[in-house]
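I have placed the structure first, in the form of structure tokens, so that the comments after it can refer back to it.
Derivation of every value follows stated rules applied to the coordinates shown; laboratory data play no part. Everything quoted here is computed from the prediction, not taken from an experiment. In this analysis, Cβ positions are derived from the backbone assuming ideal geometry, glycine residues included, and neighbour counts consider all displayed protein chains.
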């Protein structure tokens, strides 16, 4: 049980990271790869947040004066993740617009067939 | 009131006003990047003497350094930001006439923001802030590569985007691991906490490897450079100049900053030597076989990055000055080459080298600029490439570590010979071949010739009189080698 | 072949990260920076939501960069999709009356909710990004339910750039008044009131408008251009 | 604790489903489920701000953008 308590979040986030990377490395479909990127992003964000957690912590908001600041979770990773989520969305939107253009030019989303340029 | 934060904020503010100017008059829009980059150029030149006296550390938001984001403007940062502003200024003059297709407004906004990202990345002293500015740089370059929306550009952009996105995620993972271990994001504070002697524990090696992979994608060091030739050859020529001249240098800066300032352990620098030499050889050999001129220049950029990384890996004051000098010289020469080639392609309508026969007589100034850029890149005196390559070879010779460095110097010279061979081939086609089809070609317009001439003057001037630059370079290399000084600037003596 | 190769790479990565994670035990105190913010944040910035004070004030420069990233994505997407050849699109099916009326009535309510989220960013969870995203989802709903109503592109472009400009200008005002960029130069007020925390609510409102119009613009571009 | 373990298992399961399926629309919905469960986990980790952002941006808008892109291209993976 303590193992589960200590590692369950790490298992979850690195599971997402590895599944995301696996999708990106193995699949050829462009939309599938972008889905992989999304999952990878989510995993990294979850990892950052779980770094800042404290046992039986409270959210870092002084909603009533009696809250003990000693018990608050670390606010910095939360700020970082807010930034990271927005950046992830920006990359994703751009990637999908490029995917639409690729489909228009090549008639396929399979990256193996999109090969006009080579070394 | 000269404050380095204005280097980032004023162009950013101007980029936000572009749509508002667009409502008033579409024609004024193309002058905004010129104004923004001209401002940056003047400001960074004004700041250089102050920074040389004492490095500036500015906290943003008015809190003490480890608790807020701070800009650390040392000699290295101000040198790179001056180079960025110079190249950006000249290319923005060039682009006034060159970019006519598509929505010009959007091009100009993305262009300014790319340079804002580059400037921010070299000035910041906070690891997460570095990541954010890196993303600004990367995302705007993805969009600009696909700016024309043709099939080649879109294909290059999507490949670049996928690799870049994986790289930046790795970087974020590395930041997370470092934050978990040390509980701070300030680079000086992290550097203070990492005390390495001779070996590196795995728990620290993993974030280092993640950082090098993440930034190495942008820097195009060896196994991570498959995006570069596509992206640099399919982008508009003005953007190719910026990507080759500046964007990949920021990647190298990131790798170097993390390795030297954050981790700062001599035995890992040998890694850079080997990465550099492999990248150099692969780039130059691949460039030799190209018939497309922009691809040739792109591969040559890979080779030059290899040389820069090699020089920085020597890790002596001379070696690092040589590497930084090479950054400067490659930025000027490669920008000149891409800009000159841009109008040759525009006039002949093809990127194939064989179609440029006889262009040398019809477009004399452009061809002269190309020739000077090529000579400088090869390292012939009296151009800027000569002192920089000379410095690198001298630094490698001074490092008396037996046969290893002799072999490496031999490989560097070999790569230079290959470089010379393919550039002379192009120059021969330009001047010594005749073609009836190219009889009616005009030279480039005035707005394109001005940046070409200014770049040529800089290349010649620094090549003949490198002394003032050398002083700045020596201080910059000192900044990289002395991690303790950097920590002292930011966090004070305690 | 490719699968085995990538599994080997992932295995190496997993091994390395496992080693690193041993140094980062879960659920313990470990950061000095976070402690400083939790103890001093409310006094130094006046915002009861410490995350907001970190996002907007302590690490405000990151937020400026983040807003810029979203701006770049919106512009870049527009620039790329503008080169697309326009095709004739099939007649769209008209939404049913119930769907139409539902979306019509829900739209202002969702807008109000989004505005509430970003105005109260310094007091309760939420802020400019979340509020902006909620506003954008209201526009998405309107596109789905009432397809003939378009957003005004000029107005949304103007909102984007004005939002960004307000952020930059507030930062520059701080530089002029106190010598630091993004200095919280307005009076902090009493914590837990709506009018407190100096420049934080103003910046978050600007961000909310900017993010909302940018994300709505992204959706608009993706839906429009294909006609 | 059991509840959180179940959530994590569900999240990983949804991610694997997104990896395996050939129908891209279903895969996108599965990745939406991943984001949604991640938002719940953020809430349990005492990060309400991030949970809100993940739910509104990660789950709602991203899915919408994906679906629009799939309509413009091809629904099935070849």
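Along each of its three principal axes, how wide is the spread of alpha-carbon positions in the range C:1-124, in whole angstrom units, largest first?
So the extents along the principal axes, rounded to whole Å, are 60, 58, 31.
Hey, what's the Cα Rg ratio for the range B:197-317 versus the globular rule of thumb, 2.2 N^0.38 Å?
The range B:197-317 yields a ratio of 1.09.
Relative to the longest principal Cα axis of chain B, at what angle does helix B:5-24 sit, 0 to 90 degrees, rounded to 10?
So the helix axis and the longest Cα principal axis differ by about 40 degrees.
May I ask for the angle, rounded to the nearest 10°, between helix B:269-288 and the longest principal axis of chain B, with both axes built from Cα atoms and the value confined to 0 to 90°?
Compared with the principal axis, the helix lies near 10 degrees.
Taking the number of other C-beta atoms within 10 Å as the exposure measure, put A:13, B:68 in order starting with the fewest.
Fewest to most other Cβ atoms nearby, the residues stand as B:68, A:13.
So what does log10 I(q)/I(0) come out to for the range B:261-406 at q = 0.16 Å⁻¹, using the Debye formula with one equal point on every Cα and no solvent?
For the requested q values the scattering log ratios are -0.86.
Work out Dmax and Rg for the protein assembly as shown from the C-alpha atoms and quote the Rg first, both in angstrom.
26.6, 88
What's the FRET efficiency of residue C:202 with residue B:403 using the Cβ-Cβ distance as r and R₀ = 45 Å, to the nearest 0.05?
My answer for the efficiency is 0.10.
Kindly rank B:220-229, B:301-310, A:44-53, B:411-420 from highest to lowest mean number of other beta carbons found within 10 Å of each residue.
B:301-310, A:44-53, B:220-229, B:411-420
Counting DSSP beta bridges with both partners in the protein assembly as shown, what percentage is antiparallel, nearest 5?
Of the beta bridges lying entirely in the protein assembly as shown, close to 90 percent run antiparallel.
Run the numbers on chain C and let me know its relative contact order in percent, using alpha-carbon pairs under 8 Å that are six or more apart.
28
Which whole number gives the average count of other chain Cβ atoms within 10 Å of the Cβ atoms across peptide C:128-138?
Mean partner shielding for this stretch: 5.
When ranked by the protection proxy of mean other Cβ atoms within 10 Å per residue, highest first, what sequence do the peptides D:4-11, C:45-52, B:247-254, C:69-76 form?
C:45-52, C:69-76, B:247-254, D:4-11
Sum -39500 (n - 2.57) across every DSSP H segment of at least 4 residues in chain C, then divide by the residue count to get the 222 nm mean residue ellipticity, nearest 500.
Rounded to the nearest 500, it is -23000 deg cm²/dmol.
Quickly rank A:65-71, B:176-182 as a protection proxy: mean count of other C-beta atoms within 10 Å, highest first.
B:176-182, A:65-71
If you average the sequence gap of Cα pairs under 8 Å that are 6 or more apart and divide by the length of the range B:6-157, what percent do you get for the contact order?
It comes to 25 percent, rounded to a whole number.
If you line up the long axis of helix A:2-26 against the longest principal axis of chain A, both from Cα atoms, how many degrees apart are they, to the nearest 10?
Once rounded, the angle reads 10 degrees.
For chain B, what does the relative contact order come out to in percent, with C-alpha contacts under 8 Å and a separation of six or more?
With pairs under 8 Å counted, the relative contact order is 16 percent.
Over all directions, what mean area does the Cα convex hull of the range B:144-259 project, stated in square nanometres?
Average of the hull's projected areas for the range B:144-259 equals 7.7 nm².
Evaluate peptide B:164-175: per residue, the Cβ atoms of other protein chains within 10 Å of its Cβ; return the mean as an integer.
Per-residue shielding by partner chains comes out at 6.
Can you give the Kirkwood hydrodynamic radius of chain A from its Cα pairs, in Å with one decimal?
About 17.0 Å for chain A.
Can you compute the helix-only [θ] at 222 nm over chain A? Use -39500 (n - 2.57) per DSSP H run of at least 4 residues, normalise by all residues, nearest 500 deg cm²/dmol.
-23500 deg cm²/dmol
So what is the calculated 222 nm ellipticity per residue for chain B, using -39500 (n - 2.57) for each DSSP H run with n of 4 or more, over all residues, to the nearest 500 deg cm²/dmol?
Taken over chain B, the calculation gives -25000 deg cm²/dmol.
Can you give me the convex hull volume of the Cα atoms of the range B:1-147, divided per residue and expressed in Å³?
109
Can you give the alpha-carbon Rg of the range D:2-72 over 2.2 N^0.38 Å, where N counts its residues?
1.14
Calculate the tail of P(r) for the range B:5-491: the fraction of all Cα-Cα distances greater than 39 Å, expressed in %.
17
In vacuo Debye scattering of chain C, one point per C-alpha: log10 I(q)/I(0) at q = 0.08, 0.09, 0.11, 0.15 Å⁻¹?
Taking Cα atoms of chain C as identical point scatterers yields -0.44, -0.55, -0.75, -1.02.
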